[in-house]
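J.: Take a look at this one; I'll ask things after.
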Amino acid sequence: MAAKPTVLIVGATGMMGSKIASAILNKGAMNVKALVRSDSPSKALEPLTEKGVTLVEGDLFDTSSLFKALEGVDIVVTSVRGGRTETDEKEIVLTGQLNLIEAAKATGLQRFIPSDFAIDYFKLDLGDNYNLDFRKQIADALIASGIPHTFVLIGAFTEVVFSPFLKIFDFQAETFSYWGDGETLFDATTTDDTAKYLAEALADPKMVNRPLKIAGDTLSMNQLYATYEVVTGKTLKKQNLGSVEDLKTWIDTTKQKATSHYEYLSEQYIYAMVSGKGKLDSLDNDRYPHIQPTRIKQFLQQM
Ligand SMILES: NC(=O)c1ccc[n+]([C@@H]2O[C@H](COP(=O)([O-])OP(=O)(O)OC[C@H]3O[C@@H](n4cnc5c(N)ncnc54)[C@H](OP(=O)(O)O)[C@@H]3O)[C@@H](O)[C@H]2O)c1
C-alpha cells in the first residue's frame with residue numbers, strides 16, 4: 001500500500017490553518033505537518049498535536065528551516081497573513097511566501113496551495129486591493145515556478161460579512177450599510193466549509209494548476225438584508241452610502257491622503273463585491289456534492 005502523502009501547513013496556529021489541519025486529518029488520507037515559529041505559545045500548539053499534527057519549528061524568513069521542513073513533504077498549504085504588526089502583510093504574504101516557493105522549487109512537490117481564500121483576484125487590477133495585490137504576485141510567481149498548484153477562491157468568509165471589518169452590519173448602531181444598487185451578487189463561504197473543500201481539492205488531480213472556486217452562498221446586499229430580517233425578526237436602519245462610482249471615488253481620494261492602507265482596505269473589498277469585479281464564476285461546488293455548504297440563512301440561524 002502506498003504511503004499516505006504528507007501535507008505541510010504554514011500558518012497552522014492561525015484561524016484558517018487550524019481548520020485546514022482538522023479537515024485534512026478528518027479525511028484520514030494524509031499526514032499533516034505544521035511549520036511553527038519558535039515563539040508560538042503552547043496554547044496554540046497543543047490543539048494541533050492533540051489532532052495528530054507533527055510540529056516542525058521554522059520561519060518563512062529562515063530558509064534553512066524551510067528546506068528542513070519540506071523534507072518528505074508532498075503538498076504545501078499556506079494560510080499565513082500579516083498579523084503581529086501593520087507591515088506584516090507585505091512581508092509575510094509576499095516575501096515570506098516567495099521564500100517558500102523558492103525553497104520548494106527543488107523538492108518535487110506535488111502541490112502548493114498559497115494563502116488566498118479570497119474573491120476572484122485574477123479579475124482585479126493591481127491597485128484595486130492592497131492585500132490581494134500580494135496574492136496576484138504570488139500567483140504569478142507560483143505559475144512561473146512550475147510547481148503544481150491550486151488557488152482557493154471562496155468569496156468573502158461568511159463570518160467576515162457579519163464582522164465589523166466590512167462595515168455592513170453595525171449591530172450597536174443598528175444599521176445595515178451598503179454601496180451600489182444592492183442588486184449585484186457576491187459570494188460568501190464559511191471558514192469551516194472552505195477548509196472542507198480545500199481538503200477535497202488536495203486529493204483531486206483535476207484541481208492541479210487552476211483555481212478551486214467555491215461559494216457557500218451567492219446573494220446581493222438586498223438579499224443579505226432581507227435574509228437577516230426574516231431569520232432574526234429584527235430590523236436595522238438600511239442605509240445606502242452611494243453608487244459604486246461614488247465608492248471608487250471615495251477609495252481613490254482616501255488613498256491619496258491615507259497614512260495606512262487600513263484606512264481604505266475594507267472599502268476595497270466592498271468595491272470588489274458590489275461592483276461584481278471579484279465575483280466567482282464557473283463554481284466547483286458540484287465536484288464535491290457530499291459537502292452541503294452553510295448558506296447565509298443557516299449561518300444566521302446558528303449565530
Ligand atoms: N475571504 C475573506 O473574507 C478572508 C477573511 C480573513 C482572512 N482571509 C485570508 O485567510 C488567510 C488566513 O488568514 P487567518 O485569519 O487564518 O490568519 P491568522 O489567523 O492571522 O494566521 C496567520 C498564521 O501565519 C503564521 N505566520 C505568520 N508569520 C509567519 C512566519 N514568518 N513564518 C511562519 N508562519 C508565520 C502565524 O503564525 P504565529 O502563530 O506564529 O503568528 C499564523 O499561524 C489569509 O490569506 C487571509 O487573507 C480571508
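The values are calculated or read from the model by the stated rules, or taken from the named source; none is laboratory data. What you see is a predicted model; the values in this text were computed from it and never measured. All Cβ positions, even for glycine, are placed from backbone atoms using ideal geometry, and neighbour counts span all protein chains on display.
J.: Out of T54, T49, T13, T63, I need the residue that is within 13 Å of the ligand (Cβ to nearest atom) and surrounded by fewer than 18 Cβ atoms within 10 Å (Cβ to Cβ). Which one?
T.: Among T54, T49, T13, T63, only T63 is within 13 Å of the ligand (Cβ to nearest atom) and surrounded by fewer than 18 Cβ atoms within 10 Å (Cβ to Cβ).
J.: If you don't mind, there's one more thing I want to ask. Just for helices (runs of 4 or more DSSP H) wholly inside the range 187-275: which have at least 3 residues that are of a type outside the set (D, E, K, R) and either at pLDDT below 95 or within 16 Å of the ligand (Cβ to nearest atom) (or both)? Let's see the steps before the verdict.
T.: Working: elements: 191-202, 221-232, 244-257, 265-274.
The helices (runs of 4 or more DSSP H) meeting that bar are 191-202, 265-274.
J.: Here's a follow-up. Restrict the check to the range 102-113 and report whether at least one residue is in contact with a helix residue (DSSP H, G or I) (Cβ under 6 Å, 6 or more places away or on another chain), touching a residue at least 60 places away in the same chain (Cβ under 8 Å) and not in a helix (DSSP H, G or I).
T.: no
J.: Next question. Of all residues being out of contact with any Gly (no Cβ under 8 Å at 6 or more places or on another chain) and under 22 Å from F67 (Cα atoms) in the range 1-19, which is modelled with the lowest pLDDT? Just the residue, please. Reasoning before the result, please.
T.: Quick first cut of the range 1-19, residues out of contact with any Gly (no Cβ under 8 Å at 6 or more places or on another chain) only: 1-5, 7-8, 12-13, 15-16, 18-19.
Next, from what is left, pick out any that are under 22 Å from F67 (Cα atoms): 3-5, 7-8, 12-13.
Numbers: A3: 87, K4: 95, P5: 97, V7: 98, L8: 98, A12: 97, T13: 95.
Among those residues, the one meeting the criterion is A3.
J.: Hey, another quick one. In the set L70, L142, which member is in contact (Cβ under 8 Å) with a residue 40 or more places away in the chain, surrounded by 15 or more Cβ atoms within 10 Å (Cβ to Cβ) and closer than 30 Å to K255 by Cβ? Reasoning before the result, please.
T.: Values: L70 fails: closer than 30 Å to K255 by Cβ.
Exactly one residue qualifies, and that residue is L142.
J.: I'd like to know if the range 121-138 contains one or more residues that are out of contact with any helix residue (DSSP H, G or I) (no Cβ under 8 Å at 6 or more places or on another chain) and under 25 Å from F299 (Cβ atoms). Steps first, answer last, please.
T.: Narrowing the range 121-138 to residues out of contact with any helix residue (DSSP H, G or I) (no Cβ under 8 Å at 6 or more places or on another chain): 123, 125, 133.
Next, only the ones that are under 25 Å from F299 (Cβ atoms) stay: none.
Within the range 121-138, not a single residue is out of contact with any helix residue (DSSP H, G or I) (no Cβ under 8 Å at 6 or more places or on another chain) and under 25 Å from F299 (Cβ atoms).
J.: Being more than 9 Å from the ligand (Cβ to nearest atom) and small (G, A, S) is the filter here, so list the residues in the range 114-137 that pass it.
T.: Result: G127, single match.
J.: Quick check on my filter: what residues within the range 286-303 are in a helix (DSSP H, G or I) and crowded, with 19+ Cβ neighbours inside 10 Å?
T.: From the range 286-303, those in a helix (DSSP H, G or I) are 286-287, 296-302; that's our starting set.
Once the filter is applied, which keeps residues that are in a helix (DSSP H, G or I) and crowded, with 19+ Cβ neighbours inside 10 Å, the range 286-303 yields I296, F299.
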